[in-house]
Amino acid sequence: MSRTLQCIAIVVVAALALLPFVPGAVDAYYFSFLFFIFLYAIMAQSWNLVAGYGGQISLGSHAFFGLGAYTTAILWTGNYLWGSLYDKHPSIYYFDPVTMLLGGIVASLAAVIVGLPLLSKLHGDYFALGTLGFGEIVKVLFVNGGDFTGSAFGIVAPAGMFDTLRPHYWVALGLMVATALAIRALMRSRYGLALIAVRDDEMAASANGIDTLKVKVAAFAGSAFIAGVAGSLYTYYIFHVGPDSVFDLDWMLLPLMMTVVGGTGTLLGPILGALVMYAVFDLARIVVPDYHPVISGLTIILAMLFLPKGLMRSFAGRARTG
Amino acid sequence: MQPDETLLRLEAVQKRFGGLVVLNNVDIAVGPNELIGLIGPNGAGKSTLFNVITAIYAPTQGRVLFRGKDITGVAPHRISRLGIARTFQLVRTFLTMTAFENVMVGAVYGAGGRVKYATETANAALELVGLTAQGDMRTAHMTLSDRRMLEIARAVASDPALLLLDEPMAGLNPTEIQRMVDVIRRVRTERGLSILWVEHKVDAIMKVCSRVIVLDHGEKIADGTPREVTQNRKVIEAYLGEPAA
């Protein structure tokens, strides 16, 4: 990333961080619009880590998102963490870092358990289908989880906590920035080198001393961790965690499209893609409510036709030649 | 009691794919700082032999010993860390990386495996094969001959004791072949490596190697100096067919 781009990024993040102080901003429509862009950008980064940098096309992001959301809801409503403290401080689970962290950890543990057999035996399309199957299995398990998971209805967390969208906005923005910085640091480390090596040529990577299975499982788990934390954040927004809402395929498909449009395997691509695609989806929903999936689909087709490498690479390429 | 100087030893290695015997009872010993040519007609089992040594295939029977230790069936990345590096017949470089990053993979994860000196190691390896100027070039934009050189640099950067070269001259023109011969010689003399070199360009092998092994239909039919090998009746028959009368 060039110095100018770094300066622009810092200014934009600072401006976004100060936005809630602007009178009226919190109640404006674009405030929740921005919150969702941050949330999708986090999910897009999660997918980009395993698929864009790691080359392992996962179609199971929604499973990890849902696992994070459910973990948060279950810990909260069952009061598994804070015991008697919960009575004194009824808001203790609301944006509790430990609860959110556990959402990510549960998701990444699931990724390790599933990733070890899938990634050692399946490659390419077959791995993708395996992760898709995993998502369906998890969903069925939660539908049939009895009182523990709330079955088909799901779990309702105490919505009385909610009085403003400000904390959601800041936490989402913070997580988006933290995710991008963490991935940036990761890709500059020896681990990032191994990840790209595995993506480019697995056989050559292992012939040069890289434990390819370990690298792939770690990337899958890291991606799941990010998705799990995002799911946890979503619980604080939606309060009702159900199999049809948090295990919805959209939580995998939209971040995937956003990353591809923005530029797979680039740091800012997922963020840019989330911004552009979410704006398109939302605008289509408002302007032509009956046809909005058509507009969204057309946008993706056009993007693939004219920007097959994604927004980031197309612009970077033009800047270099021109 | 014999102090084992042998670096690599294959003991009665057999590899079968179903009913097809690709390697049959092959014994090979590679000593320190040897440059050994491995030749044989198409389908003789040369690449399979490399894949057995680097554990991409497990042998059906027999053992592979490296520095006296049994490494049969050890994971491929462990083989690399023990000190066996290789190149591939169809070049396998990391195409989205720069040349320097490619070599860094060997330096960071190979047998040397120390991040601290990795940059120096990688630069020295690029210098050895004459690719210093192309360090920042994307591998996808490099020529075939440069990519073959890069593979050797990456292998050398992993600080191996044994280097396996799988047809490094395939697809190269005469000038590039001469450059490759020079590089292989330099790698051996400057790094003190042992090299096992599979090649179809038999004349190059005969000129450069002090010892040549010939495989045919999965069996070792000759093992000796280039002169001995070229006069071996079995070798002549393998390449030219049996005499008419």
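The values are calculated or read from the model by the stated rules, or taken from the named source; none is laboratory data. This structure is a prediction, so every number in the text was calculated from the model and none was measured. Virtual Cβ from ideal backbone geometry, glycine too; neighbours counted across all protein chains shown.
May I ask you to say which residue of A:Ala284, A:Ala274 is surrounded by 24 or more Cβ atoms within 10 Å (Cβ to Cβ) and touching a Phe, Trp or Tyr at 6+ places or on another chain (Cβ under 8 Å)?
Exactly one of A:Ala284, A:Ala274 is surrounded by 24 or more Cβ atoms within 10 Å (Cβ to Cβ) and touching a Phe, Trp or Tyr at 6+ places or on another chain (Cβ under 8 Å), namely A:Ala274.
Checking B:Val30 against (1) buried (at least 16 other Cβ atoms within 10 Å of the Cβ); (2) within 14 Å of chain A (Cβ to nearest Cβ); (3) under 22 Å from B:Ala12 (Cα atoms), only one condition comes out false. Which one?
Of the numbered conditions (1) buried (at least 16 other Cβ atoms within 10 Å of the Cβ); (2) within 14 Å of chain A (Cβ to nearest Cβ); (3) under 22 Å from B:Ala12 (Cα atoms), the odd one out for B:Val30 is (2).
Quick grid of which residues meet (1) farther than 30 Å from A:Met187 by Cα; (2) in contact with a Lys or Arg (Cβ under 6 Å, 6 or more places away or on another chain); (3) buried (at least 23 other Cβ atoms within 10 Å of the Cβ):
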site: B:Pro41; (1), (2), (3): yes, no, no
site: B:Leu49; (1), (2), (3): yes, no, yes
site: B:Ile53; (1), (2), (3): yes, no, yes
site: B:Gly62; (1), (2), (3): yes, no, no
site: B:Gly83; (1), (2), (3): no, no, no
site: B:Met97; (1), (2), (3): no, no, no
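Do we have B:Thr6 as part of a loop (DSSP other than H, G, I, E, B), under 28 Å from A:Asp211 (Cα atoms), over 17 Å from the mean Cα position of the chain (by Cα) and not aromatic (Phe, Trp, Tyr) here?
In short, no.
For the structure I just gave you, tell me whether B:Leu35 is in contact with a Phe, Trp or Tyr (Cβ under 8 Å, 6 or more places away or on another chain), away from chain A (no Cβ under 14 Å) and of a type in the set (A, V, I, L, M, F, W, C).
yes
For segment B:44-61, how many residues are without any contact (Cβ under 8 Å) to a residue 24 or more places away in the chain and either touching a strand residue (DSSP E or B) at 6+ places or on another chain (Cβ under 9 Å) or not in a loop (DSSP other than H, G, I, E, B) (or both)?
Qualifying residue count, segment B:44-61: 2.
Only one of (1) among the charged types (D, E, K, R); (2) out of contact with any helix residue (DSSP H, G or I) (no Cβ under 6 Å at 6 or more places or on another chain); (3) in contact (Cβ under 8 Å) with a residue 40 or more places away in the chain fails for A:Lys216. Which number is that?
It is condition (2) that A:Lys216 fails.
Return only the number of the condition from (1) touching a Gly at 6+ places or on another chain (Cβ under 9 Å); (2) under 27 Å from B:Ile236 (Cα atoms); (3) surrounded by 14 or more Cβ atoms within 10 Å (Cβ to Cβ) that B:Ile36 does not satisfy.
Among (1) touching a Gly at 6+ places or on another chain (Cβ under 9 Å); (2) under 27 Å from B:Ile236 (Cα atoms); (3) surrounded by 14 or more Cβ atoms within 10 Å (Cβ to Cβ), the lone unmet condition for B:Ile36 is (1).
Which helices (runs of 4 or more DSSP H) sit wholly inside segment B:71-147 and have at least 3 residues that are more than 7 Å from every other protein chain (Cβ to nearest Cβ) and without any contact (Cβ under 8 Å) to a residue 40 or more places away in the chain?
B:76-82, B:118-129
At pLDDT 95 or above and part of a loop (DSSP other than H, G, I, E, B) - does that describe any residue in segment A:197-206?
Within segment A:197-206 (the criterion being at pLDDT 95 or above and part of a loop (DSSP other than H, G, I, E, B)), the answer is yes, since at least one residue qualifies.
Across segment A:181-200, which residue is nearest to the other protein chains (Cβ to nearest Cβ) among those that are over 17 Å from B:Ala118 (Cα atoms) and buried (at least 19 other Cβ atoms within 10 Å of the Cβ)?
In this case the residue turns out to be A:Asp200.
Just a yes or no: is a residue in segment A:257-267 surrounded by fewer than 17 Cβ atoms within 10 Å (Cβ to Cβ), part of a helix (DSSP H, G or I) and away from every other protein chain (no Cβ under 14 Å)?
Within segment A:257-267, not a single residue is surrounded by fewer than 17 Cβ atoms within 10 Å (Cβ to Cβ), part of a helix (DSSP H, G or I) and away from every other protein chain (no Cβ under 14 Å).
For segment B:104-120, does any single residue satisfy the condition of being crowded, with 24+ Cβ neighbours inside 10 Å, among the charged types (D, E, K, R) and under 30 Å from B:Arg9 (Cβ atoms)?
The answer is no, given that none of the residues of segment B:104-120 is crowded, with 24+ Cβ neighbours inside 10 Å, among the charged types (D, E, K, R) and under 30 Å from B:Arg9 (Cβ atoms).
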